[in-house]
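Step one of this worksheet: look at the structure below.
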Amino acid sequence: MTKLFDSEQEAKQKIALGTSILLTVSDANNEDEKICLSHTKDGFFAVQNNCSHAGADLHKGFINEQNEIVCPLHSYCFNLKTGNSTRGNAPSLKTYRLEWKNDEVTNQKVLFIDV
């Protein structure tokens, strides 16, 4: 697992509610994966950054009220929790498991991603 943020406060400062950012994280084979990390009313979610329909950068899209990322190119929608396409006929997105762990030294919740 790879540490993303040292505290919940840091995560919320770097990713405003209702927005997404682009992360590049190395996987187990040391290959870079581009990930769309989103902050919604339901928490933080991570999916592949490229739209499975036409390859657009999903972090440039927006998050709707249904907790979906909306592709900026053709408005395809994907459930951020499951990666499933909810509008448009596109393959599901790869999702990444996020986990908050308590740091015993700082007593802060630290955010990790499993790539």
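The values are calculated or read from the model by the stated rules, or taken from the named source; none is laboratory data. Nothing here was measured: the structure is a model prediction, and the numbers come from that model. Heads up, the Cβs are rebuilt from the backbone with ideal geometry, glycines too, and the neighbour counts pull from every protein chain shown. Areas reflect the complete protein model, heavy atoms only, side chains present, ligands, DNA and RNA absent. Shrake-Rupley method; radii C 1.70, N 1.55, O 1.52, S 1.80 Å.
General observations
- Scope the range 74-94; condition over 14 Å from the mean Cα position of the chain (by Cα) and basic (Lys, Arg); matching residues: Arg87
- Top-ranked residue in the range 66-105 [being in a loop (DSSP other than H, G, I, E, B) and modelled with pLDDT under 95; ranked as surrounded by the most Cβ atoms within 10 Å (Cβ to Cβ)]: Gly88
- Number of residues in the range 15-34 that are in contact with a strand residue (DSSP E or B) (Cβ under 7 Å, 6 or more places away or on another chain) and either in a loop (DSSP other than H, G, I, E, B) or surrounded by 13 or more Cβ atoms within 10 Å (Cβ to Cβ) (or both): the value is 13.
- Candidates Thr40, Thr106, Thr82 - the one that is touching a strand residue (DSSP E or B) at 6+ places or on another chain (Cβ under 8 Å), under 22 Å from Glu8 (Cα atoms) and among the polar types (S, T, N, Q): Thr40
- Those residues of the range 56-65 which are open to solvent by 60 Å² or more (accessible area, probe 1.4 Å) and either over 22 Å from Val25 (Cβ atoms) or part of a loop (DSSP other than H, G, I, E, B) (or both), in sequence order: Phe62, Glu65
- Matching option when the condition is assigned to a strand (DSSP E or B), touching a residue at least 24 places away in the same chain (Cβ under 8 Å), surrounded by 14 or more Cβ atoms within 10 Å (Cβ to Cβ) and polar (S, T, N, Q), among Ser52, Ser38: Ser38
- Residues being basic (Lys, Arg) and touching a Ser or Thr at 6+ places or on another chain (Cβ under 8 Å) - total across the range 34-59: 1
- Being at pLDDT 95 or above, surrounded by 15 or more Cβ atoms within 10 Å (Cβ to Cβ) and assigned to a strand (DSSP E or B) is a description that does not apply to Val110.
- Criterion applied to Ala46, Ala11 was being in a strand (DSSP E or B), in contact (Cβ under 8 Å) with a residue 60 or more places away in the chain and open to solvent by less than 20 Å² (accessible area, probe 1.4 Å), and the one residue passing it is Ala46.
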